[in-house]
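This report concerns only the one structure given below.
The values are calculated or read from the model by the stated rules, or taken from the named source; none is laboratory data. Quantities reported herein were computed from a predicted structural model and do not represent experimental measurements. Quick reminder, even Gly has a Cβ in these numbers, built from the backbone with ideal geometry, and neighbours come from all protein chains shown.
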Amino acid sequence: MTINYKAILFGSIGTIVETSELQRRSFNQAFSEAGLNWNWTLEEYQRMLTKSGGRNRINDFANQRGIKVNADALHLRKTEIFDKMMSDEKISPRPGVANLISYALDNGIHLAFVTSTSTANIDAMFFALNNQIKKSDFSFIGNDKLVSQPKPNSEIYLKALSELKLNAEDCIAIEDTEVSMRSAIDANLKCIAFPGAMAHENDFSDAYLETRDLSPSHLFENQI
């Protein structure tokens with residue numbers, strides 16, 4: 001069997017490191033600092049992950065309670081807390097990630113980090129990984145300033161393909177939630193579902209394949 005892919009597109013921080021619980025704790029700390037009597041439980045946060053975007057989750061939660069909040073300010077503070085948590089707490093790549101990245105680099109396959117999160121979040125992740133995975137390994141790194149519409153819109157994937165000068169059929173995406181997977185599929189990409197800790201009940205039936213441990217062998221599935 002031969003490998004046809006020219007690039008592997010990691011779709012979010014959550015496809016590289018497991019951060020769901022850190023994210024939840026960061027939201028709750030930001031709420032507490034703002035004097036809000038909100039405490040998102042594991043079950044609540046898991047349900048919220050069906051919608052992309054932290055600001056959207058904050059706004060929806062506030063609207064359901066008939067109150068107004070500054071979602072931008074809350075989300076900014078949450079991001080600051082999250083970045084510090086990532087730096088302070090030891091984090092490691094998710095199962096198989098480091099091996100797949102090493103394989104790609106050894107075989108001339110481009111790597112892209114097709115995220116629409118902030119550059120602060122991205123930098124904090126690479127800092128926390130402490131060279132286990134390096135920013136310089138990636139030929140393209142997205143951020144929220146590169147697009148007008150965040151995921152689940154496919155704009156960031158189209159931007160990545162344009163920058164890499166590759167067609168969708170040349171690449172395979174990796175996503176950790178159903179809603180983000182849709183952004184890859186809408187860009188006509190095959191997508192490996194790599195569910196995060198709070199996304200195992202998502203519907204990944206449209207994925208190319210689903211796994212909890214990435215492997216170079218996944219690049220050969222159904223290849224001729």
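Brief remarks on what is shown
- Residue within the stretch 106-119 that is under 30 Å from Gly35 (Cβ atoms), assigned to a helix (DSSP H, G or I) and either β-branched (Val, Ile, Thr) or modelled with pLDDT of 90 or more (or both) present: yes
- Matching residues in the stretch 120-141 - criterion: being touching a residue at least 40 places away in the same chain (Cβ under 8 Å), outside any loop (DSSP other than H, G, I, E, B) and over 15 Å from the mean Cα position of the chain (by Cα): Phe127, Ala128, Leu129
- Among the residues of the stretch 61-80, those that are free of Cβ contacts under 8 Å to residues at least 12 places away in the same chain and either of a type in the set (Lys, Arg) or outside any helix (DSSP H, G or I) (or both) comprise Arg65, Gly66, Ile67, Lys68, Asn70.
- Taken together, the residues in the stretch 196-210 that are at pLDDT 95 or above and closer than 23 Å to Leu42 by Cβ amount to 2.
- Applying the condition of being more than 22 Å from Ser180 (Cβ to Cβ) and not small (Gly, Ala, Ser) to the stretch 33-52 and asking which residue is surrounded by the fewest Cβ atoms within 10 Å (Cβ to Cβ) yields Asn37.
- For the residues Arg25, Arg77, the requirement of being out of contact with any helix residue (DSSP H, G or I) (no Cβ under 6 Å at 6 or more places or on another chain) and outside the structural domain of Ser148 (by TED's automatic domain parsing) singles out Arg25.
- Every residue from the stretch 142-175 that is outside any loop (DSSP other than H, G, I, E, B) and in contact with a Gly (Cβ under 7 Å, 6 or more places away or on another chain): Ile156, Lys159, Ala160, Ala173, Ile174, Glu175
- Scanning the stretch 58-80 for any residue that is among the basic types (Lys, Arg), closer than 28 Å to Asn131 by Cα and either in contact with a Leu (Cβ under 8 Å, 6 or more places away or on another chain) or surrounded by 14 or more Cβ atoms within 10 Å (Cβ to Cβ) (or both) turns up at least one such residue.
- Of everything in the stretch 81-99 that is hydrophobic (A, V, I, L, M, F, W, C) and assigned to a helix (DSSP H, G or I), the residue that is nearest to Met125 (Cα to Cα) is Met86.
- For the criterion of being closer than 22 Å to Ile172 by Cα and assigned by TED's automatic domain parsing to the domain that holds Asp176, Phe127 fails.
- Test: residue in the stretch 178-189 that is part of a loop (DSSP other than H, G, I, E, B), within 17 Å of Ala98 (Cα to Cα) and more than 16 Å from the chain's Cα centre (by Cα): no
- Checking Gly53, Gly66 one by one, the residue that is of a type outside the set (S, T, N, Q), out of contact with any Lys or Arg (no Cβ under 7 Å at 6 or more places or on another chain) and modelled with pLDDT under 90 is Gly53 and no other.
- Qualifying residue in the stretch 164-177 (condition: of a type in the set (Gly, Ala, Ser), in contact with a Lys or Arg (Cβ under 8 Å, 6 or more places away or on another chain), touching a residue at least 40 places away in the same chain (Cβ under 8 Å) and buried (at least 16 other Cβ atoms within 10 Å of the Cβ)): yes
- When the test is whether a residue is surrounded by fewer than 17 Cβ atoms within 10 Å (Cβ to Cβ) and either touching a Pro at 6+ places or on another chain (Cβ under 6 Å) or of a type outside the set (Ser, Thr, Tyr) (or both), Arg55 passes it.
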